[in-house]
Structure formats: C-alpha cells, structure tokens
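Report on one structure; see the data block that follows.
The values are calculated or read from the model by the stated rules, or taken from the named source; none is laboratory data. Every value quoted in this text rests on a predicted model; they were computed, and no experiment measured them. Cβ coordinates were reconstructed from backbone atoms using ideal geometry, including for glycine residues, and neighbour counts include every protein chain displayed.
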Amino acid sequence: MTVLYLNPGAGMGGAETSLTDLLAGLRAAHPDWQLHLLSGEEGPLMEEARQLGVATHVLPLPAKLAAAGDSGLRQKKGYGELLGKLFHGAASTHSYGRMLARAAAALRPDVIHSNGLKMHILAALYLRKRGRVLWHIHDYVSWRPVARRLLRLLAGRVEGALANSDSVAEDLRAVCPSLPWVQRVYNAVDSASLLAQAPLDLDQAAQAPPPAPGTLRIGLVATYARWKGHGVYLEALARLPQAPAWRAYIVGGAIYRTAGSQYSAEELQAEIRRLGLEGRVFLTGFLSGRGAIMRALDIVVHASTKPEPFGMVVVEAMACGRAVVVSRAGGAAEIFEEGETGLGHPPGDAPELARQIETLLTDESLRRRLAERGQSYAAQHFARPRLAAELSKLYQRVP
Ligand code: GLC
C-alpha cells in the first residue's frame, strides 16, 4: 500500500498534530507501507514526518495560492478577496495542479489523503486519475462561504471523506450531499510518548518569577485565534478567589498571517492589565512538546467560543492525567464524559467557566478522579492502534 498525504502548509496547528499522530500510528501498524507527505512548504510538520520514516516532498505553493486563506474569509472583505485571488491566480493554480499530478504519477499512490481546503480542491481537480482521493475534514465547512461552495461542487469527484467528529461529519454531509461516503474517524494521541516528556518550566518560558510552593497551575493551550476563547478565559480567571493559590498561563502564539482573526500578545497583555490579573496570568508564547506542556499544568482549560470540531487539547490533557474544563459544544462535547473525565461549560460563559475552574481548584480529590478516569478514557478511545485500524480499513476498502 502506498499512501500520499497532502497538506498545504507545514506549521503545526491541530490538523497537523493530528496528521503526525496518524502517520505514527500507521507506521507502527504497517511498517511495509510506503507513506509520502507532500506539502506546499518546508517546516516543523515535515521534520516530524521525516523522523517517523515518512518520505517528504516539498512543492512550493505559488504565492497567490499560498496567500489565499480561509482565515481571510472571516474578515469583512474576505470573500471577494479570496475569490479574486483564486481567479487571478487561476493560471498558477492550474500549473501547480499539473505539477502535483506529475509528482503523484511518479509515486503511484493507491490512496491520496488530503488535508486542508487547498489540497482538497487540488486533489479533486487534478489527482483523480492518480489514486483514490480521500478528503480528511477537520473543520465545519458550512462556516466558510467559499470553501462550502467549492467543496460542494467537487464532492462528487472524490471517493469519500473522513471527518474528525460526528458533529463535523454531519455538517459535511449537509454541505456536500454528493459525497459518496463520510466516515467519522476520531484523532488519536500517543499517551506513552506524551507521558515520557518531562514537565516544562512554564514560569521560565514566560519570564515570570517562580510562584510560592503549592501554587496550582491553570493553562489555556491554544493558538491566538479569537474563537479559542482567550477573552472568556481571562474573564473567568478574574472571577476566581485568590485562595487556594493559583497561577495561570496562556500557552501558544499567533500562527495565521491575517490579523483580525487572531489576538496579538499586546492585546492579551492589555486585557490582563484591564482585569487586574497582572502577576497572576502569564503568556509563554508558542512552546513545543504537548506532553511537557500538559504535565506542567494542574488544570487545562479549553474555552472555544464556537463549537470545537474536535479539540486535540482535550484528549491530550486527559491522556496526560490532567483535569480538563471543556467548552461543551461540537466535536469537543463528544470526546469527554461530563463529571467523569472532565467538566464542561457552555461556550463563551465566563461565570460558568470560573465556577468549574474553582471547583477543580478547591476539590483535590475530584481533580485526581477526573485525571485518573480521563487517562483510561483516552487510552480506550483515542489510542493510535485504534486510529491505524480504522484507517487501514478505509484504505483497503474496495472502491
Ligand atoms: C482542526 C480543528 C480542531 C481539531 C483539529 C484536529 O484544527 O479546528 O478542533 O482538533 O483540526 O482534527
């Protein structure tokens, strides 16, 4: 079996973290399979893939295509702007598509597994004759005006699609009725390697003085995308009592090129000052080592203000034996058990989020219980061998 994976960029967002776990799982389950990853740029994702024994290929995306992003769509002029870019860039998109087809022809893949809107479109347009094209959908397509129309138009040209949660699968089916099939495939994490990472020194990373011994650590681990809920998180923190002693962190950074859809560090600092949280809440910037980050925290907060398609951070926190508070909507609501493996709050509800964090701060035995159960829940539902088995079945299915 030869599989060609396509990913537009090589920075590490949730979809890329998910892809590396998927590659690692398949590598272990099928050492004889040929796995190739082609991306529009060089970067950390490619480095990770190489370490896993995956052959990597960079085919630089033409500048116009690289700059046309979904994130721009959330801004006012985004829609027209993206369409303009796609059409003005049509010639370069076409020649890129043909180069992609040539690269695929040389590799002779059985399956072409695409990640990210641009690759979904290119695969459907140019790679149909080069292998069985499967889309891997990680987000709500219906939220994106341009993506929605393009995928709907092209859906009949691919073999089928994977979705990272039931909620995303349902959305995709509604948007793309001509998709032959949609299969929910939950992401996986590797608990053993997450647990093998030594906890990071978050205070050092944030250039903060060490807190008093016994201080509990709370963290929001996310990119600076606005919908990840930094504002709600900070408001919730401002409502917490001072005791038991706690310190909170925002771990992550800005990864998108478009301003407006994401916070800047300055904006977050200003919000911290406005809420009187100086000296108690710190920004660490982007850090790598998901296990090392989770294990440095006592309470992990997921605060997305919109339904989260899946939420890698929720599963990573559980796998690392950390109590997690989850914004209970979308795919994220499917992947934990309320009161058993985590505590939920309605998206955007700062008072309720504060209440759940406070419960965890004050109730050590609950924290322990959630952590223990979360760990076995993650091992049971989100382990790599399960993911590898589900994918193998899809790849080997007779079209
Ligand atoms: C996307 C989704 C996120 C999910 C990740 C991996 O980044 O927004 O919810 O965890 O993909 O599937």
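Yes/no per residue for (1) surrounded by fewer than 17 Cβ atoms within 10 Å (Cβ to Cβ); (2) closer than 30 Å to Tyr377 by Cα:
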{"position": "Val133", "(1), (2)": "no, no"}
{"position": "Leu151", "(1), (2)": "no, no"}
{"position": "Arg157", "(1), (2)": "yes, no"}
{"position": "Asp166", "(1), (2)": "yes, yes"}
{"position": "Glu170", "(1), (2)": "yes, yes"}
{"position": "Asn187", "(1), (2)": "no, yes"}
{"position": "Ala196", "(1), (2)": "yes, yes"}
{"position": "Asp201", "(1), (2)": "yes, yes"}
{"position": "Pro213", "(1), (2)": "yes, no"}
Could you please tell me which pairs satisfy a Cβ distance under 7 Å, a separation of 6+ or placement on different chains, a first residue in the stretch 105-125 that is touching a residue at least 40 places away in the same chain (Cβ under 8 Å), and a second residue that is among the charged types (D, E, K, R) and outside any helix (DSSP H, G or I)?
Asp110/Arg132; Val111/Arg132; Ile112/Arg132; Leu117/Asp70
So, first residue of a type in the set (Gly, Ala, Ser) in the stretch 1-21, second residue outside any strand (DSSP E or B) and within 12 Å of the ligand (Cβ to nearest atom), Cβ within less than 6 Å, six or more apart or across chains; the pairs are Gly11/Ile255; Gly14/Met312; Ala15/His138; Ser18/Asn187
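Considering each of Ile121, Ile112 in turn, give the residue that is modelled with pLDDT of 90 or more, under 26 Å from Ala169 (Cβ atoms), assigned to a helix (DSSP H, G or I) and β-branched (Val, Ile, Thr). Working first, answer last.
Values: Ile112 fails: assigned to a helix (DSSP H, G or I).
Within the list Ile121, Ile112, the selection yields Ile121.
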Test Ala208 against the criterion of being surrounded by 20 or more Cβ atoms within 10 Å (Cβ to Cβ), in contact (Cβ under 8 Å) with a residue 40 or more places away in the chain and under 24 Å from Arg280 (Cα atoms), and give yes or no.
no
Go through the stretch 137-246 and tell me which helices (runs of 4 or more DSSP H), entirely inside it, have 3 or more residues that are under 24 Å from Val111 (Cα atoms) and touching a strand residue (DSSP E or B) at 6+ places or on another chain (Cβ under 9 Å).
166-175
Tally up the residues in the stretch 1-31 that are of a type in the set (Val, Ile, Thr) and part of a strand (DSSP E or B), please.
2
The stretch 10-28, subset within 20 Å of Val221 (Cβ to Cβ) and small (Gly, Ala, Ser), residue farthest from the ligand (Cβ to nearest atom):
Gly11
The one condition Phe87 fails out of (1) modelled with pLDDT under 85; (2) closer than 26 Å to Met12 by Cα; (3) part of a helix (DSSP H, G or I) is (2)
